[in-house]
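Below is one structure, written out as structure tokens; the observations come after it.
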Amino acid sequence: MMSQQSYKSILSLLFTYLISLNAWASKPKVTPELYIQPAIFSLSMVMLHDVVNPPAASRFYTYSLLSAHVIVANANKAIVHPKAYIKGFPNIALPSVQNANVQLAALYSIVETGKLLLPSGFQLEADQQKMLVQWEKDGYTAEVIQGSIDMAKGVAQQVVAWAKTDGYLKLSTLRRYRPIKGEGYWYPTPPAYMEAVEPNWRTIRPMIIDSAAQFKPSPPVPYSLDTSSSYYQLTKEVFTVGKNLSQEQRVIAAFWDCNPFAVNTAGHMAIGFKKISPGGHWMNITSIAANKAKLPFEQSIMLHSLVATTLMDAFISCWDEKYRSNRIRPETAINRIFDVRWQPLLQTPPFPEYTSGHSVISTASAEILTYFLGDNLAYTDDSEIYFDLQPRSFTSFRQAANEAAISRLYGGIHYRDAIENGQMQGKQIGNFILGRLQVLKIKPFYRD
């Protein structure tokens, strides 16, 4: 459960969302691209309810945005079709419907796909009804609205059918994770000692990268209790930094925490606190940046789709390494070596340490956004304001990604080599994806 203040923040956001939808009915009309962010945020709220883990969240965002991407790409030949760069992407036929509005259909498809995929997707029906009410108020005819819905549903069903072949539905049948014996391997951490998250995620079908192991990073520094060893020094750094954090470092760590479910204990009582996932954070950054850059609707949909797809591949690559190296978390090592009572500022996530997931996915996302929107688009990120965290301003996406990466050291949940090698891994993924797009002569959206 969340704090009362967090509930108030989310209720305030939902109220803002309703106000924005009401604005759609005002004159002059609000441009449809501004409604991409609320549609995606509705997915985030259901994922928050379902406590969807970070890798799975990236998958849900990807398929939901691909539905919208297919619709706009079929209507606008200037928008590259996902089939051009995603291996095995199916031939999705747009339903033969009359009077459909492409933009309305794309917006509806985001929510419709999420409704079909998410465990509690039925909750999105309320968001869909709000859309329809506003479209009626805005003067769209019943025929246009129905045509748009029919187009969205037809595409969403085909995308979801393809999604069901990516290996996700087989995860529950695979062997469950068992901790490896040995001092240097990951073991569940306090306070909840949760079991490993998605140990078989490497089996999920990648979107653009060739395989889960394509961007295998350098091996982590070997575990050693020798006081002169590199590992001992890495552990000592996390311990020392954690005891001497500045207020700014604490703020940075909290801002990029993005732990979907942290548990606080008090005696025999355990209280859960929910937040959006790292991928959800970067999806919202994409919305903020696209709105500031005033991207046309079709370009904004394409950019959101590309970032989501990058996130999915980055998580597949990162999780492949996590369960290969299976490295111990700093909290466990520090409790053994330095101080049995030491606790990190952030709660340690329930999966192996190497490489840092936020470092990988943030860097990869930043490379995509930098290519399309430039390296000097300043923006203010208010993604975490709904969880009682103040907005932070950045001069570029790479600056934000670097801060997200180092936040894991401040939070006490990653060693420096996991952060730096994770950034290298993320940059390789981002550059590989951009290479695929550049072969297709897909140009940036910004002008120098």
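Suppose we keep only residues that are within 11 Å of SER44 (Cβ to Cβ) and under 10 Å from the mean Cα position of the chain (by Cα) within the stretch 281-295. Which one would you say is surrounded by the fewest Cβ atoms within 10 Å (Cβ to Cβ)? Of everything passing the filter in the stretch 281-295, ASN284 is surrounded by the fewest Cβ atoms within 10 Å (Cβ to Cβ). Restricting the stretch 72-102 to residues that are more than 19 Å from ILE36 (Cα to Cα) and of a type in the set (S, T, N, Q) leaves a set whose member that is surrounded by the most Cβ atoms within 10 Å (Cβ to Cβ) is ASN99.
Results for (1) at pLDDT 95 or above; (2) among the small types (Gly, Ala, Ser), shown as yes or no for each residue.
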{"position": "LYS274", "(1), (2)": "no, no"}
{"position": "ALA290", "(1), (2)": "yes, yes"}
{"position": "THR309", "(1), (2)": "yes, no"}
{"position": "VAL340", "(1), (2)": "yes, no"}
{"position": "HIS358", "(1), (2)": "yes, no"}
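Answer yes or no: is there a residue in the stretch 115-132 that is in a helix (DSSP H, G or I), touching a Gly at 6+ places or on another chain (Cβ under 7 Å) and not hydrophobic (A, V, I, L, M, F, W, C). Yes. Of the residues in the stretch 171-180, not one is crowded, with 16+ Cβ neighbours inside 10 Å, assigned to a loop (DSSP other than H, G, I, E, B) and out of contact with any Asp or Glu (no Cβ under 8 Å at 6 or more places or on another chain).
Please enumerate the residues belonging to the stretch 232-241 that are in contact (Cβ under 8 Å) with a residue 12 or more places away in the chain and not aliphatic (A, V, I, L, M).
Start the filter on the stretch 232-241 by keeping residues that are in contact (Cβ under 8 Å) with a residue 12 or more places away in the chain, which leaves 232, 234-239, 241.
Across the stretch 232-241, the qualifying residues are TYR232, THR235, LYS236, GLU237, PHE239.
Every listed requirement among (1) assigned by TED's automatic domain parsing to the domain that holds ASP320; (2) among the small types (Gly, Ala, Ser); (3) closer than 21 Å to MET312 by Cα is met by ALA196 save one, (1).
Select, from PRO344, PRO330, PRO352, the only residue that is under 26 Å from GLY167 (Cα atoms) and either within 18 Å of the chain's Cα centre (by Cα) or not acidic (Asp, Glu) (or both). Working first, answer last.
Numbers: PRO344 fails: under 26 Å from GLY167 (Cα atoms); PRO330 fails: under 26 Å from GLY167 (Cα atoms).
So the residue among PRO344, PRO330, PRO352 that is under 26 Å from GLY167 (Cα atoms) and either within 18 Å of the chain's Cα centre (by Cα) or not acidic (Asp, Glu) (or both) is PRO352.
The residues on offer are THR370, THR332, and the sole one that is polar (S, T, N, Q), more than 27 Å from GLY242 (Cα to Cα) and crowded, with 17+ Cβ neighbours inside 10 Å is THR370.
The values are calculated or read from the model by the stated rules, or taken from the named source; none is laboratory data. Just so you know, these numbers come straight off a predicted model, no measurement behind them. Quick reminder, even Gly has a Cβ in these numbers, built from the backbone with ideal geometry, and neighbours come from all protein chains shown.
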